[in-house]
């Protein structure tokens, strides 16, 4: 892996001219991972501003927080505000909550891709996207297919760096109960005890949020993918500076 000095020697542009004064952009801030992410960013000294774009108000306040209540169907009316150093994209829903496959695709793919496209056009150099273990644009299964398609499409945008985070089943505080997810997680944990399905090891939302922030300190390639045990190790590393 190449370090920062080797990137400079090869003539690559540094993504953060002022590493200790970064501006973060967050979409999906009201979800399990996004909410934890915003809290961590607000206490991280290397970020001077955290710009949140959400459909409803966050129950968080900070001088560093710049909150925008937006309609993702009307992104053209506010896309010019998607400026900063890193776009953290953590939006996602379930088919049951969305109401249909079409509605889930619009939230999980269209909204995030539209925001990423606008951010890239506005000169944001780095994207960090929460995807999912098993993401595959050619999968026969709907959920991993839309995640794979989103990965493919955002990586074609002109970011200097695109970081893909592929966690297994997520757990942590949620406003609603997801009985199916809880039962599924119990099964996966049982399998993990026997050394089976390790790539689907459950991970807490706060650990994913930590990994997202820390991933920007190891931007050694244009596209980087973090999953499986590497994701847990990344979350345990020191904070990005």
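Listed values, structure above:
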{"item": "Residue 195 being at pLDDT below 85, over 15 Å from the mean Cα position of the chain (by Cα) and not in a loop (DSSP other than H, G, I, E, B)", "result": "no"}
{"item": "Region 126-158: number of residues that are more than 15 Å from the chain's Cα centre (by Cα), buried (at least 16 other Cβ atoms within 10 Å of the Cβ), in a loop (DSSP other than H, G, I, E, B) and at pLDDT 95 or above", "result": "1"}
{"item": "Some residue of region 19-27 being modelled with pLDDT under 85 and either surrounded by fewer than 23 Cβ atoms within 10 Å (Cβ to Cβ) or touching a helix residue (DSSP H, G or I) at 6+ places or on another chain (Cβ under 7 Å) (or both)", "result": "yes"}
{"item": "Within region 94-112, considering residues that are crowded, with 16+ Cβ neighbours inside 10 Å and touching a residue at least 40 places away in the same chain (Cβ under 8 Å), the one nearest to the chain's Cα centre (by Cα)", "result": "112"}
{"item": "Every residue from region 198-229 that is exposed (fewer than 15 other Cβ atoms within 10 Å of the Cβ) and at pLDDT 90 or above", "result": "220, 221, 222, 223"}
{"item": "Residue 67 being in contact with a helix residue (DSSP H, G or I) (Cβ under 7 Å, 6 or more places away or on another chain) and either crowded, with 16+ Cβ neighbours inside 10 Å or at negative phi (or both)", "result": "no"}
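The values are calculated or read from the model by the stated rules, or taken from the named source; none is laboratory data. Since the model is a prediction, treat every value here as computed from it, not as a measurement. Every residue, glycine among them, receives a Cβ derived from its backbone with ideal geometry; neighbour counts consider all protein chains shown.
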